Structures are given as structure tokens and as C-alpha cells.
Amino acid sequence: ILLAAAVIGFLEARLRPMVVTAAQAQAQNAVAGVIEHAIWEQLGEEAVTYSDLVTIQRDSAGTITALTTNTAAMNQLRAELIGVVLEALDGVDVSQIQIPLGSLVDLDLLWGLGPTMKVHAMTVGTVEGAFQSQFSSAGVNQTLHRIELEVAVPVTLILPGGQTELTVETGLRVAETVIVGAVPDTYLTLNGAA
């Protein structure tokens, strides 16, 4: 009995880190796929454009003086997208991940073979989302402005011998445009400005 307990303890100590890593990778892929599909589907239905979210203000000479975000529209869009993600996570079964035991050994011949170990994953807490604005050069006197939604979903993996937690984070581009002309030093975010 002591020998069996020692062998089990040794195997658990050696295999658990590999099981955790494999389970986290599969959960990350499964949850990120659900998030991206749900958001792209919703954005396709709403046909959101850059001008729905940002107004470019110019002076009489046509020089850009400011970029103003429509915070109310962005907050409404964020709330809708987070709601869609929550529904998608409830409706899709990412709760059970299967890891072939052959994938836990360092032999290429055994990769993906053998009986599977089931790992249960469940989302806990709330989905968080925030818009990020990025500016980058797109050529001479041209600037690419991207608006991305960063989504974070906390996930708990229930593994043999305990549980582990991870946060699945993914970023999706919501709108972008190329601004021709010098970009101003001022970037305003005003509540409800259009």
C-alpha cells in the first residue's frame, strides 16, 4: 500500500503541472473561440462603423483639430457585446475538456493517444470588457486609429487533485480608420458627444 501510495504521489507530482498546462491551453482556446464568434456575429448584425464611435473635427483649413469619442454609444455597444458573450458562454458547452494521457509524456509517438482524462471548466464571476484606442503610423501624414474591445473572462478548471484558475483575455477590433493629415495632440472623450 505504501509503495502504491508513493507511486501515485510521484505520478501526481510529475503529471499535474503538465495536466494544468494542457487544460489551461484547451480552456483558453475554447473560451476565446466562443467570445470571438459571439462578438463578430453581433458586430456583423449591427454594422458598427468608425463614424458611429468617433468624430473627427477639422478647422476651416481642413486641419484636424480633435478626435471626439461618443462615449454613450461606446458604452452601449460594450454592454451589448458583453451581454452577447455571457449568453454565448452559457449556451456553449466548454465545460468538459478531454486530455489524452499520451499527450502528457515527452514522446512524440504517444502524442494524442491513450485514454482521455476529463477536466471540468466553468466560468466564474463576470465578463469584463474595456475599449482600447491605438494610434500607429500608416504612411506619410497618415495615421491608423483602431478601437479594440479587450474582454476578460475568469475560468475555474476542476482537475483531479484540485482546481486552478485562469483568466481568458482576448482583444477584438471593433472599428478602424486611416486619418489623413497630422493627428492633433488632443484626443477627447466626452460623455454623449457626437
**Report entry** Out of VAL178, VAL183, VAL119, VAL151, sole residue that is at pLDDT 80 or above, surrounded by 15 or more Cβ atoms within 10 Å (Cβ to Cβ) and touching a strand residue (DSSP E or B) at 6+ places or on another chain (Cβ under 8 Å)
**Finding:** VAL151
Report task. Output the number of residues of the range 57-70 satisfying the condition of being touching a strand residue (DSSP E or B) at 6+ places or on another chain (Cβ under 6 Å) and of a type outside the set (Asp, Glu). Result -> 8
Query raised in the report: Do we have any residue at all in the range 48-71 that's farther than 15 Å from ARG173 by Cα, in a helix (DSSP H, G or I) and over 20 Å from the mean Cα position of the chain (by Cα)?
Result: yes
**Report entry** Considering residues of the range 51-65 that are surrounded by fewer than 17 Cβ atoms within 10 Å (Cβ to Cβ) and not polar (S, T, N, Q) only, the residue modelled with the highest pLDDT
**Finding:** ASP52
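The values are calculated or read from the model by the stated rules, or taken from the named source; none is laboratory data. It should be emphasised that the depicted structure is a prediction, and the values quoted were computed from it without experimental measurement. Positions of Cβ are generated from backbone atoms using ideal geometry, with glycine treated the same way; all protein chains shown enter the neighbour counts.
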